Amino acid sequence: MTRDSMLFLGFIGIFVILNAILLVGGYLDMSWTSLGVITAAGLTVSLYSFLYRDNPLFKLAEHIFVGVAAAYIFGIYWYQSLYGEVVVRIFGIGDDPATMTQRLLLLVPSVLGLLILTRMSVKIGWLSRISFAFVVGVGAGFTIPRYISAFLLSQIEATIRPITMDVDGLNLLLILIGVVSVLVYFFFSVEHRGVVGGISKVGIWFLMISFGASFGYTIMARLSLLIGRIRFLLDDWLHVM
Amino acid sequence: MRRRANRGLTALCMAILLPAQLLAQTPPKSAASDTPNDAGASITVTWPRGEAVGGTTYLVYVAADESGPFHLAAEVEAPLAAVLADDPGNFGRGEEQDATHYVNVSDYALDDGRQSLENDQIYYVRVAVRTDGMELRGAITSAVPEANLINTAKLNNFVIGTALSLIILASISLARRKEMFIRRIAGLEAIDEALGRATEMGKAVMFVHGLREMDKISTIAAVNILGQVARKTAQYDTLLKVTSYDPVVMSVSQETVKEAYVEVGRPDAYNEDNIFVAGTDQFSYAAAVEGMMVRERPAAHIMMGYFYAESLLLAETGSMTGAIQIAGTDAFTQLPFFVTTCDYTLMGEELYAASAYLSREPRMLGSLKGQDIGKAFLIAAILFGSLLATAGWPFITHALAAH
């Protein structure tokens with residue numbers, strides 16, 4: 001018996017005994033909610049076992065996670081899109097029948113969706129490119145003006161302000177230097193030497209300082225997630241808090 | 001007697017003062033017009049700015065007929081009433097805009113709900129002011145709501161987009177005739193190193209897509225890089241595995257890798273099963289990719305696209321396996337995690353520049369050059385605009401405002 005198998009069996013044994021104690025002791029009752037808590041606790045511990053190394057427990061949890069997520073997403077696609085939007089409306093099921101124009105309009109995305117399925121055929125697989133071209137083209141068409149507005153104009157508008165001789169002015173000056181130097185760093189057609197190299201180095205400093213701040217901020221948020229999980233294990237499952 | 005006289009005096013004062021106060025709040029002539037830059041079914045009602053006295057309310061009534069009945073369409077407290085200057089994109093800037101209240105009306109109240117305005121139908125409007133329960137209505141004015149084909153508020157967006165497009169097209173044309181220089185990007189040169197290492201070790205290269213769909217710029221850039229990576233893995237006869245989160249991204253990736261293998265004359269080496277959806281949920285995707293990283297131990301992990309909270313999970317696990325890791329993302333919040341756990345990181349626009357650098361295709365090189373020219377213009381506009389704004393001429397700031 002390998003070490004991993006022993007670990008797997010050991011965990012199962014301890015897990016079963018622990019839950020039996022919790023059930024007999026009345027900490028958990030024989031309900032669906034308790035079954036959910038036990039399942040969630042088992043999967044949480046199995047996923048955390050990856051901190052030790054890859055093992056059968058993690059593999060089991062990973063495969064359950066991937067399978068359940070795929071089924072869940074399929075359920076959402078089916079009920080919200082395929083059945084909820086297409087089948088119900090085109091075949092007039094339910095209390096809200098669609099008009100003929102709405103049905104005809106629904107045929108366009110439906111046909112584009114079906115064209116993707118032609119990929120399964122070698123002969124007519126090229127038809128799927130029509131759908132992909134549509135998705136990429138429409139996506140780019142919608143995205144580019146939005147990017148110009150949100151990332152270009154908004155940024156410029158916030159940067160081009162009167163620089164005053166006070167703390168706000170200093171703040172604005174820092175932002176101005178940061179924006180310009182970072183923009184210079186992202187110049188690709190000039191070698192980063194001399195003046196350009198110096199300015200781009202300032203840009204890198206600005207980037208790294210902002211990354212550091214962002215890193216710390218996110219780690220704090222992740223720690224709160226960890227605390228939430230530990231609290232679930234100790235309180236909702238083991239009832240020791 | 002004296003008390004009764006005082007009461008009479010107070011009542012007399014109230015009778016004199018109340019109408020005077022109300023008159024002070026009475027809106028003079030209001031005006032109505034089609035709401036500019038909209039899809040229709042809305043009119044804009046304006047009236048001169050009054051004193052922002054607490055307890056004073058402006059009421060806007062709308063009727064489909066000049067003789068009425070007039071229905072309440074909007075009610076706004078005087079201190080909270082917007083002025084035209086609050087929406088400079090549609091109404092411009094200036095003293096007049098600062099001295100004029102406005103409200104956009106798209107429907108009005110009926111006994112059994114609200115009635116939406118309809119395009120190309122005339123509506124009659126009157127503005128009233130209410131103070132201490134007394135309401136005084138202004139003159140009737142009219143407007144016809146229309147749908148506008150062009151949104152002039154976004155003209156700067158259109159001009160910048162068009163100008164950048166023209167610059168990029170001109171640069172592409174130039175790149176077809178002339179060799180263009182692109183500075184060295186360390187992260188990209190490392191891709192060759194990573195592929196070479198994988199080939200020497202006889203191990204796979206794992207290309208991990210981000211979580212966004214095919215219509216996002218970062219995903220398009222990632223697919224472009226994938227094409228170049230696939231060309232090299234086909235040449236080196238190295239196994240390439242591509243994990244996707246989205247089925248459409250998977251299909252496009254299959255197409256891209258297949259083309260790359262055919263281009264270098266190795267269609268036999270292409271295996272569609274190596275490009276797959278690893279998970280359809282954020283963390284199940286991360287768990288599946290992590291599992292593959294530790295079990296299959298690829299020699300190189302190339303993570304490109306837009307990532308969310310799973311970035312650190314992926315990069316940290318990949319780092320533990322000892323593989324060369326190259327990441328590229330324009331997700332600002334995830335860049336710190338890639339910078340700390342990967343050997344090389346393509347930051348933001350470097351991701352977009354990557355495919356041009358790798359392929360040396362004139363189309364992409366020209367595009368990159370065009371973007372650089374655009375950036376030079378922006379830097380000039382920012383510096384010059386700041387100087388002018390500081391000197392009291394903010395017209396560049398206004399011209400480049402987002403609406």
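The values are calculated or read from the model by the stated rules, or taken from the named source; none is laboratory data. All figures in this text were calculated on a predicted structure; none of them were measured in a lab. Every residue, glycine as well, gets a Cβ built from its backbone with ideal geometry; the counts of neighbours run over all protein chains shown. To get the accessible areas, we keep the full protein, side chains included, count just its heavy atoms, and leave off ligands, DNA and RNA. Shrake-Rupley method; radii C 1.70, N 1.55, O 1.52, S 1.80 Å.
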Q) Take the residues of region A:97-142 that are surrounded by 15 or more Cβ atoms within 10 Å (Cβ to Cβ) and closer than 29 Å to B:ASN151 by Cβ: which is farthest from the other protein chains (Cβ to nearest Cβ)? A) A:LEU106
Q) Checking B:ALA331 against (1) more than 10 Å from chain A (Cβ to nearest Cβ); (2) part of a helix (DSSP H, G or I); (3) not aromatic (Phe, Trp, Tyr), which single condition isn't satisfied? A) (2)
Q: Scan region B:149-160 and report the pairs whose first residue is at the interface with chain A (Cβ under 8 Å from one of its Cβ atoms) and open to solvent by less than 80 Å² (accessible area, probe 1.4 Å) and whose second residue is in a helix (DSSP H, G or I) and not basic (Lys, Arg), with Cβ atoms within less than 7 Å and a gap of 6+ or a chain change.
A: B:ASN156/A:LEU153; B:ASN156/B:ALA399; B:ASN157/A:PRO145; B:ASN157/A:ILE148; B:ASN157/A:SER149; B:ASN157/A:LEU153; B:ILE160/A:ILE148; B:ILE160/A:LEU152
Q) Is it the case that region B:215-231 has a residue that's more than 10 Å from chain A (Cβ to nearest Cβ), touching a Lys or Arg at 6+ places or on another chain (Cβ under 8 Å) and open to solvent by 70 Å² or more (accessible area, probe 1.4 Å)? A) no
(Q) Can you find, within region B:302-328, the residue that is least open to solvent (accessible area, probe 1.4 Å) among those that are within 11 Å of chain A (Cβ to nearest Cβ) and over 20 Å from B:ASP281 (Cα atoms)? (A) B:THR321
Q | Of all residues in region B:180-206 being more than 17 Å from B:ALA327 (Cα to Cα) and within 12 Å of chain A (Cβ to nearest Cβ), the one that is surrounded by the fewest Cβ atoms within 10 Å (Cβ to Cβ) | A | B:PHE181
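Tally time: how many residues in region B:345-354 are at the interface with chain A (Cβ under 8 Å from one of its Cβ atoms) and open to solvent by 30 Å² or more (accessible area, probe 1.4 Å)? Please lay out each step first, then the result.
As a first pass, look at region B:345-354 and keep what is at the interface with chain A (Cβ under 8 Å from one of its Cβ atoms): B:347-350, B:353.
Of the ones still in play, those that are also open to solvent by 30 Å² or more (accessible area, probe 1.4 Å) are B:349.
The qualifying residues number 1.
Here are A:VAL167, A:VAL179, A:VAL184, A:VAL135: which of them is at pLDDT below 90 and of a type in the set (Val, Ile, Thr)? Break it down into steps so the answer makes sense when it comes.
Details: A:VAL167 fails: at pLDDT below 90; A:VAL179 fails: at pLDDT below 90; A:VAL184 fails: at pLDDT below 90.
Only one candidate qualifies: A:VAL135.
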Q.
Any residue that is more than 7 Å from chain B (Cβ to nearest Cβ), assigned to a loop (DSSP other than H, G, I, E, B) and basic (Lys, Arg) - is there at least one of those in region A:196-219?
A. no
Q: Please give the number of the condition B:LEU239 fails out of (1) in the same structural domain as B:GLY318 (by TED's automatic domain parsing); (2) under 31 Å from the mean Cα position of the chain (by Cα); (3) open to solvent by 10 Å² or more (accessible area, probe 1.4 Å).
A: (2)
Q. Just to be sure, is A:ILE148 within 27 Å of the chain's Cα centre (by Cα), within 30 Å of A:LEU115 (Cα to Cα) and facing chain B (nearest Cβ under 7 Å)?
A. no
Q: Pick out the one residue from A:LEU172, A:LEU153 that is under 30 Å from B:LEU164 (Cβ atoms), without any contact (Cβ under 8 Å) to a residue 60 or more places away in the chain and within 30 Å of the chain's Cα centre (by Cα).
A: A:LEU153
Q | Where A:SER49 falls short, out of the listed (1) within 14 Å of chain B (Cβ to nearest Cβ); (2) without any contact (Cβ under 8 Å) to a residue 24 or more places away in the chain; (3) among the hydroxyl-bearing types (Ser, Thr, Tyr) | A | (2)
Q | Restricting region B:242-266 to residues that are within 13 Å of another protein chain (Cβ to nearest Cβ) and among the charged types (D, E, K, R), the residue that is surrounded by the most Cβ atoms within 10 Å (Cβ to Cβ) | A | B:ASP246
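Going by what's in this entry, would A:VAL190 be described as assigned to a helix (DSSP H, G or I) and within 9 Å of chain B (Cβ to nearest Cβ)? Give the derivation first.
Values: assigned to a helix (DSSP H, G or I): no; within 9 Å of chain B (Cβ to nearest Cβ): yes.
Considered against the rule, which asks whether it is assigned to a helix (DSSP H, G or I) and within 9 Å of chain B (Cβ to nearest Cβ), A:VAL190 comes out as no.
Please determine, by comparing only the residues of region B:355-369 that are part of a helix (DSSP H, G or I) and more than 10 Å from chain A (Cβ to nearest Cβ), which one is most open to solvent (accessible area, probe 1.4 Å).
Taking region B:355-369 first, the residues part of a helix (DSSP H, G or I) are B:355-359, B:362-369.
Of the ones still in play, those that are also more than 10 Å from chain A (Cβ to nearest Cβ) are B:355, B:358-359, B:362-364, B:366-367.
Details: B:SER355: 6, B:LEU358: 32, B:SER359: 28, B:PRO362: 52, B:ARG363: 122, B:MET364: 32, B:GLY366: 0, B:SER367: 29 Å².
Only one residue tops the list, namely B:ARG363.
From B:ASP98, B:ASP65, which residue is modelled with pLDDT of 85 or more, open to solvent by 20 Å² or more (accessible area, probe 1.4 Å) and under 33 Å from the mean Cα position of the chain (by Cα)?
Working: B:ASP65 fails: under 33 Å from the mean Cα position of the chain (by Cα).
Only one candidate qualifies: B:ASP98.
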Q. Are there any pairs, at least 6 apart or on different chains, whose C-beta atoms fall under 9 Å, with the first in region A:100-111 and farther than 15 Å from A:VAL88 by Cβ and the second not acidic (Asp, Glu), and if so, which?
A. A:VAL111/A:SER131
Q) When B:ILE275 is evaluated against the numbered criteria (1) out of contact with any strand residue (DSSP E or B) (no Cβ under 6 Å at 6 or more places or on another chain); (2) among the β-branched types (Val, Ile, Thr); (3) modelled with pLDDT of 95 or more, which criterion, by number, is the only one it fails? A) (1)
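Would you call A:GLU157 closer than 28 Å to B:ARG183 by Cβ, among the charged types (D, E, K, R) and open to solvent by 40 Å² or more (accessible area, probe 1.4 Å)?
Details: closer than 28 Å to B:ARG183 by Cβ: no; among the charged types (D, E, K, R): yes; open to solvent by 40 Å² or more (accessible area, probe 1.4 Å): yes.
When the stated conditions are applied, A:GLU157 does not pass them.
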Q) Given the conditions (1) free of Cβ contacts under 8 Å to residues at least 40 places away in the same chain; (2) open to solvent by less than 30 Å² (accessible area, probe 1.4 Å), and given that B:PHE332 satisfies all but one, which numbered condition is not satisfied? A) (2)
Q. In region A:54-92, which residues are polar (S, T, N, Q), open to solvent by less than 30 Å² (accessible area, probe 1.4 Å) and away from chain B (no Cβ under 11 Å)?
A. none
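Listed residues B:ALA269, B:ALA278; which is buried (at least 22 other Cβ atoms within 10 Å of the Cβ) and touching a helix residue (DSSP H, G or I) at 6+ places or on another chain (Cβ under 8 Å)? It would help to see each step written out before you state the result.
Details: B:ALA269 fails: buried (at least 22 other Cβ atoms within 10 Å of the Cβ).
Just one listed residue meets the conditions, B:ALA278.
State yes or no: is B:ALA391 over 26 Å from B:THR219 (Cα atoms), within 10 Å of chain A (Cβ to nearest Cβ), crowded, with 17+ Cβ neighbours inside 10 Å and aliphatic (A, V, I, L, M)? Break it down stepwise before answering.
Values: over 26 Å from B:THR219 (Cα atoms): yes; within 10 Å of chain A (Cβ to nearest Cβ): yes; crowded, with 17+ Cβ neighbours inside 10 Å: no; aliphatic (A, V, I, L, M): yes.
Answer is no for this residue.
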